[in-house]
Amino acid sequence: MREIEAVVIERAGAEPAVERLGLDDPHPGEVRVRMSASGVCHSDLHVREGHWERPGPIVMGHEGAGVVEAVGDGIDPRLVGRQVALSWYAPCLRCRECQQGRQWLCTGSPSLRHRQADGTTRLVRRDGTPVLAYLSIGTMASAQVVPVSAVVPMPEGVPSQVAALIGCAVSTGVGAVVNTARIHAGSTVAVIGLGGVGLSCVMGAALAGARRIIAVDLKRAKIDLAGELGATHWVQVDPDNPQGTVDGIRAATGDHGPDFVFEAIGLRATIEQAIEVLPPGGTAVLVGLTRFEERVSLEAFPFVDGGRRVLGSNYGSTVAAVDFPRYAEAYLAGRLPIDRLVGRRIRLADVESAFDHLRTGDIARQVILFDE
Ligand SMILES: NC(=O)c1ccc[n+]([C@@H]2O[C@H](COP(=O)([O-])OP(=O)(O)OC[C@H]3O[C@@H](n4cnc5c(N)ncnc54)[C@H](O)[C@@H]3O)[C@@H](O)[C@H]2O)c1
Ligand SMILES: [Zn+2]
Ligand SMILES: [Zn+2]
């Protein structure tokens, strides 16, 4: 048992607090990771705001990287000392979806229960209360014990902040483009919402050879950053004029509408815009996560008649063991400028201020740094 510092939330919707917790040693099938960086994702804000029901108390955070400090029985001891990026959806590797190579749809993942594979947790309060780890990795913590299937060793030379972002924003956004949608070179692409996830869609579209990339957001600073990452056109949204967004995207496409639209916010209005702006044959890829039970509508006849498609993209259809090293190498080769996403570096105690910035959308990715 060792002592760690972590951001704990009592239940979804409650204010988070930094607490000292006990962390047990890794059991068989688990590893202990000393965290070096944890990003702050809008999905954490969904939990903070109580949009999604979650059990508690729970250590927050699901976008992290660190160094393996110890391994449980049966795990290759050569992992100790390796830098790893953490996957927020540890695959069971046994269920039907895992066997088919669709690990992002795993039905036996311990991450579904925010526990280790045996149903227990390695975290405890001084009074003996067990504490869960968000998606089994709870990265807003100075150290964690995680399932070994959640850790992916990084190639030499990858900065810890970049490795952390590969764990969610990059895999979600780049993966939506290259895995879920599999866009072809020369496509026209629009991305609605330019947070860490949407900016990663922009980078993915550039990597995949899109002809035009239209960046769409409320904030001018986000649009400017998207331009540095490969966007060629932009639409600054006026929330009082939704039709203006649709018209602006169509005009920026130069013809009748984008071949692919990526929605990376999770609002009904922008999801409906993403579908409405499609030309015949176009594809809308829904990446942003809504509140539970949100419904959207579309006009059925032109959708069917025009052969349009809507795809849901969970975790960028990521197989972490395959995709994380690919993105890391693309970064090292200068083809995926992941480090440019980091707009603010903070300490663990500043997490509520990070949520404030996410509420206004004025900064790209914020990253919590730990002592290395
Ligand atoms: N599908 C997945 O597997 C997956 C994984 C991670 C995150 N997500 C979801 O993706 C979404 C984005 O996450 P993020 O961390 O990038 O969020 P973020 O808060 O950093 O970015 C959202 C962006 O949308 C912009 N925006 C807000 N309202 C807008 C509007 N009406 N029109 C245009 N732009 C608007 C904001 O200015 C901001 O730039 C969230 O819903 C998150 O939960 C999904
Ligand atoms: Zn996330
Ligand atoms: Zn599985």
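Here is a check on your reading of the model: is L86 under 27 Å from V158 (Cα atoms), touching a residue at least 60 places away in the same chain (Cβ under 8 Å) and of a type in the set (A, V, I, L, M)? For L86, the condition - under 27 Å from V158 (Cα atoms), touching a residue at least 60 places away in the same chain (Cβ under 8 Å) and of a type in the set (A, V, I, L, M) - is met. I'd like to check something: does segment 132-146 contain any residue that is open to solvent by 30 Å² or more (accessible area, probe 1.4 Å) and modelled with pLDDT of 95 or more? Checked segment 132-146: at least one residue is open to solvent by 30 Å² or more (accessible area, probe 1.4 Å) and modelled with pLDDT of 95 or more.
Note on segment 332-361: among residues that are more than 20 Å from A205 (Cβ to Cβ) and open to solvent by 70 Å² or more (accessible area, probe 1.4 Å), the one that is farthest from ligand 2 (Cβ to nearest atom) is L332.
Taking segment 188-219 as the range and being within 10 Å of ligand 1 (Cβ to nearest atom), out of contact with any Cys (no Cβ under 7 Å at 6 or more places or on another chain) and part of a helix (DSSP H, G or I) as the test, the residues that pass are V197, G198, L199, S200, C201.
Kindly indicate whether I213 is under 21 Å from the mean Cα position of the chain (by Cα) and within 22 Å of R308 (Cβ to Cβ). Yes: the conditions hold for I213. When segment 104-117 is filtered for residues that are out of contact with any Leu (no Cβ under 8 Å at 6 or more places or on another chain) and either polar (S, T, N, Q) or within 16 Å of ligand 2 (Cβ to nearest atom) (or both), the ones remaining, listed by number, are W104, T107, S109, L112, Q116. Screening T120 on (1) closer than 23 Å to E53 by Cα; (2) β-branched (V, I, T); (3) within 16 Å of ligand 2 (Cβ to nearest atom) shows it passes everything except condition (3).
Identify, please: which residue in segment 67-90 is within 16 Å of ligand 1 (Cβ to nearest atom) and not small (G, A, S) and is, among those, nearest to the chain's Cα centre (by Cα)? Steps first, please.
Of the residues in segment 67-90, the ones within 16 Å of ligand 1 (Cβ to nearest atom) are 85-90.
Retained after the next criterion (residues that are not small (G, A, S)): 86, 88-89.
Details: L86: 11, W88: 9, Y89: 11 Å.
Only one residue tops the list, namely W88.
Of all residues in segment 212-226, exactly one satisfies the criterion of being exposed (fewer than 15 other Cβ atoms within 10 Å of the Cβ) and in contact (Cβ under 8 Å) with a residue 24 or more places away in the chain, namely A221. In the set A37, A70, only one residue is of a type in the set (A, V, I, L, M), open to solvent by less than 50 Å² (accessible area, probe 1.4 Å), out of contact with any helix residue (DSSP H, G or I) (no Cβ under 6 Å at 6 or more places or on another chain) and modelled with pLDDT of 95 or more; that residue is A70.
For the structure I just gave you, tell me whether G22 is assigned to a loop (DSSP other than H, G, I, E, B) and either touching a residue at least 24 places away in the same chain (Cβ under 8 Å) or polar (S, T, N, Q) (or both).
Details: assigned to a loop (DSSP other than H, G, I, E, B): no; either touching a residue at least 24 places away in the same chain (Cβ under 8 Å) or polar (S, T, N, Q) (or both): yes.
The answer is no for G22.
Evaluation of T121 against the conditions (1) without any contact (Cβ under 8 Å) to a residue 12 or more places away in the chain; (2) under 22 Å from P16 (Cα atoms) shows that the sole unmet condition is (1). Is it the case that segment 91-110 has a residue that's within 16 Å of ligand 1 (Cβ to nearest atom), closer than 23 Å to I9 by Cβ and either open to solvent by 40 Å² or more (accessible area, probe 1.4 Å) or not in a loop (DSSP other than H, G, I, E, B) (or both)? There is no residue in segment 91-110 that is within 16 Å of ligand 1 (Cβ to nearest atom), closer than 23 Å to I9 by Cβ and either open to solvent by 40 Å² or more (accessible area, probe 1.4 Å) or not in a loop (DSSP other than H, G, I, E, B) (or both). Residues of segment 332-370 that are within 20 Å of A6 (Cα to Cα), out of contact with any helix residue (DSSP H, G or I) (no Cβ under 8 Å at 6 or more places or on another chain), touching a residue at least 24 places away in the same chain (Cβ under 8 Å) and not small (G, A, S): L348, V351, E352.
The values are calculated or read from the model by the stated rules, or taken from the named source; none is laboratory data. As the structure is a prediction and not an experimental result, all values here were calculated from the model. Virtual Cβ from ideal backbone geometry, glycine too; neighbours counted across all protein chains shown. Side chains are part of the model used for accessible areas, which takes the heavy atoms of the whole protein and leaves out ligands, DNA and RNA. Shrake-Rupley method; radii C 1.70, N 1.55, O 1.52, S 1.80 Å.
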